[in-house]
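No lab work stands behind these numbers, since they all come straight from the coordinates. Nothing here was measured: the structure is a model prediction, and the numbers come from that model. In this analysis, Cβ positions are derived from the backbone assuming ideal geometry, glycine residues included, and neighbour counts consider all displayed protein chains.
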Amino acid sequence: MSQISELTAIDRFTIFEQLNMHQRCIDNGWGREQAKMYNDLYWPEAKFHVNDLRTSTFSGTDGLKQMFDYAHSVFPMEKWSHSMGAFEISGSGDRAEAHWRWVVSWKADQVGTVSSGTYDDVYERREGVWKCLERTSMTDPNWPQELFQPFLDAADRTFKAS
């Protein structure tokens, strides 16, 4: 009977780099090249569940691109900065889970935190490569609905595809 090995420090660091790149890709601007770089963090059949003012699931390469385009064309992303908080990575073999905090802060026009929450991720290693298979985003209970609702209300007019 074979034993499933625990994650190595290299496995954990590789996944940590994926978490960090997720935040960097969001902040690196908008366009086809940026959307592709973002999508490359996920397996082609990946799912991203968003639970904030709306509950949505984005599936596959097209769904993730739509989510990326939506965020960058509807919200003032150029005025925000995304960062990581505390994180925990566990698992064994070719499967891992990451539970981590995210924080969005103002970098222009205002001071302070825009929003915060958690991501619960499932990672899978294929042919030696770790990528996200499923991500669930949960906002903290203090989500500032009054800040975000005007952007959501205008989304039909402001959404653009890269």
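Please give the charge dipole size of the range 9-158, origin at the Cα centre, charges +1 on K and R Cβ atoms and -1 on D and E Cβ atoms. Round to the nearest 20 debye.
Values: 16 positive and 23 negative charges, 38 e Å.
Charge dipole, the range 9-158, about its Cα centre: 180 debye, nearest 20.
At 0.36 nm per residue, minus the direct Cα-Cα distance, what do PHE13 and ASP27 gain on full extension? Give it in nm, one decimal, please. Intermediate values should be presented prior to the final figure.
Details: separation 14, 0.36 × 14 = 5.04 nm, distance 2.12 nm.
Here the answer is 2.9 nm.
Determine the distance separating the Cα centre of the range 8-55 from the Cα centre of the range 74-104; give it in Å without decimals.
Taking the Cα centre of each part, the range 8-55 and the range 74-104 sit 8 Å apart.
Which whole-number percentage describes the relative contact order of the chain, with Cα contacts under 8 Å and a sequence gap of 6 or more?
Values: 285 pairs, mean separation 40.1, N = 162.
After rounding, I find 25 percent.
Volume per residue, Å³, of the convex hull around the alpha-carbon atoms of the range 51-141?
Looking at the range 51-141, the number lands at 118 Å³ per residue.
Can you divide the C-alpha Rg of the chain by 2.2 N^0.38 Å and report the result to two decimal places? Could the numbers behind the result be given before it?
On the way: Rg = 16.3 Å, N = 162, 2.2 N^0.38 = 15.2 Å.
Working it through for the chain, the quotient is 1.07.
Between ASN20 and ARG101, what is 0.36 nm times their sequence separation minus the Cα-Cα distance? Round to one decimal in nm.
Numbers: separation 81, 0.36 × 81 = 29.16 nm, distance 1.13 nm.
Gain on extension, ASN20 to ARG101, equals 28.0 nm.
So what's the net charge close to GLN34: Lys and Arg +1, Asp and Glu -1, counting the other residues with Cβ under 15 Å from its Cβ? It would help to have the intermediate numbers written out before the result.
Working: positive: ARG24, ARG32, LYS36, LYS65, LYS160; negative: ASP27, GLU33, ASP40, ASP69, GLU78.
So the environment of GLN34 carries a net charge of 0.
Can you tell me the order of 104-117, 55-68 when each peptide is scored by its average per-residue count of other Cβ atoms within 10 angstrom, highest first? Each step should come with its number before you reach the end.
Values: 104-117: 13.7, 55-68: 16.4.
Going from most to least packed, we get 55-68, 104-117.
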